[in-house]
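What follows is one structure encoded as structure tokens, with my remarks underneath.
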Amino acid sequence: MKSWDQIAVLVTAIIIVILMFPRVLQAVKHTPKGSADDWRTVVLILAAVGLFVFILIKLA
Amino acid sequence: MNDRYIVAGAGTGTLVTNKLIRNTYILLSMTLLFSAFTAGISTFLNIPLPGVFITLAIYFGLLYLTEKFSNRGLGLVFVFALTGFLGLTLGPLLSFYIHQIPNGSRMVMVAMGGTGTIFLGLSGYALTTRKDFSFMGAFLMAGILTAFVAGLAAYFFQLEGLSLAASAVFLLASSGVILWQTSRIVHGQETNYISATVTLYVSIYNIFVSLLRLLNAFSGDD
């Protein structure tokens, strides 16, 4: 990759992170808190997705 | 442009929610078909990737325009421009897997089937249980931002392990986004079907690309 292209990608990435970071902070402030039970459900669902991907890798 | 065609309404009634869900899934199906079409054209004509900078610039530019015009009819034009462009970027990737990787065609089919199953399973779960996943918003934004930075660092420094970790985080975060967005639609927190479609489409795209990457790395054929 040409160096100017690398610099352009880096600058774009920095701009995106700078633009997104305040939104992440705002989201942290305004997002409702989930209970332990809510998070347990999310962990179980994402674990199921992970297991499914593992099975797909074994099948492929 | 009349907003009633775009925004389902401010109420949270079942009719409004059902209409929003129906509009979102119809538009999502149409955008998926359209991007499959542009990916096919890109594969057939051997259109090369325009480069990371141009790809990122066009992607974020179209994403911005889609969100900016999401309450107007013009938003639909940008949705198709965005998804068509993402389809075009898939063409070279699919060509690479099909022609350069042993068993690549099978991997592409498995990734497609896997992506469809993950999307239908998660969306179906959020729709049928009607659980509120809005508490995941900040967690998902932080996860996606981290994966984005990690992916770029892996690309710059050619770190294979970090690249795979970023793909795994993208896959899980995008799965979370499907739960979160579907739940927002069900609970009336999302009233614009253009925004909802774009969020779901980008999640499906991320899951497909990440899954393909993980299948290639761990299936033992490379």
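Points to keep in mind about this one:
- Options B:Phe69, B:Phe96, B:Phe85; residue that is under 15 Å from B:Tyr205 (Cβ atoms) and more than 10 Å from chain A (Cβ to nearest Cβ): B:Phe85
- Contacts under 8 angstrom Cβ, first residue in the stretch B:173-187 being aromatic (Phe, Trp, Tyr), partner assigned to a helix (DSSP H, G or I), 6 or more apart: B:Trp180/B:Ser134; B:Trp180/B:Met136; B:Trp180/B:Gly137; B:Trp180/B:Leu140
- Residue within the stretch B:91-100 that is closer than 22 Å to A:Lys58 by Cα and among the β-branched types (Val, Ile, Thr) present: yes
- Total residues in the stretch B:122-147, condition more than 8 Å from chain A (Cβ to nearest Cβ), free of Cβ contacts under 8 Å to residues at least 24 places away in the same chain and closer than 15 Å to A:Val42 by Cβ: 1
- Any hit, the stretch B:36-52, residues being in a helix (DSSP H, G or I), over 17 Å from the mean Cα position of the chain (by Cα) and farther than 18 Å from B:Tyr205 by Cα: yes
- Among all residues of the stretch A:51-60, there is at least one that is in contact with a Phe, Trp or Tyr (Cβ under 8 Å, 6 or more places away or on another chain) and within 8 Å of another protein chain (Cβ to nearest Cβ).
- Subset of the stretch B:188-222 (residues that are among the aromatic types (Phe, Trp, Tyr), within 14 Å of another protein chain (Cβ to nearest Cβ) and touching a residue at least 60 places away in the same chain (Cβ under 8 Å)): B:Phe208
- All positions within the stretch B:66-84 that are part of a helix (DSSP H, G or I) and within 18 Å of B:Leu200 (Cβ to Cβ): B:Thr66, B:Glu67, B:Gly75, B:Leu76, B:Phe78, B:Val79, B:Phe80, B:Ala81, B:Leu82, B:Thr83, B:Gly84
- For the stretch B:10-33, the condition holds for at least one residue, the condition being that it is at pLDDT 95 or above, more than 15 Å from B:Ala196 (Cβ to Cβ) and hydrophobic (A, V, I, L, M, F, W, C).
- Residues (farther than 21 Å from B:Ile58 by Cβ and aromatic (Phe, Trp, Tyr)) located in the stretch A:1-43: A:Phe21, A:Trp39
- For B:Leu159: the one exception among (1) within 12 Å of another protein chain (Cβ to nearest Cβ); (2) of a type outside the set (Val, Ile, Thr); (3) more than 17 Å from the chain's Cα centre (by Cα): (1)
- Contact map, the stretch A:22-39: residues that are at the interface with another protein chain (Cβ under 8 Å from one of its Cβ atoms) paired with residues that are of a type in the set (Phe, Trp, Tyr), Cβ distance under 7 Å, separation 6+ or inter-chain. Pairs shown: A:Thr31/B:Phe135; A:Pro32/B:Phe135; A:Lys33/B:Phe135; A:Gly34/B:Phe135; A:Asp38/B:Phe135.
The values are calculated or read from the model by the stated rules, or taken from the named source; none is laboratory data. Just so you know, these numbers come straight off a predicted model, no measurement behind them. As a convention, Cβ positions derive from the backbone with ideal geometry for all residues, glycine included, and neighbour counts pool all protein chains shown.
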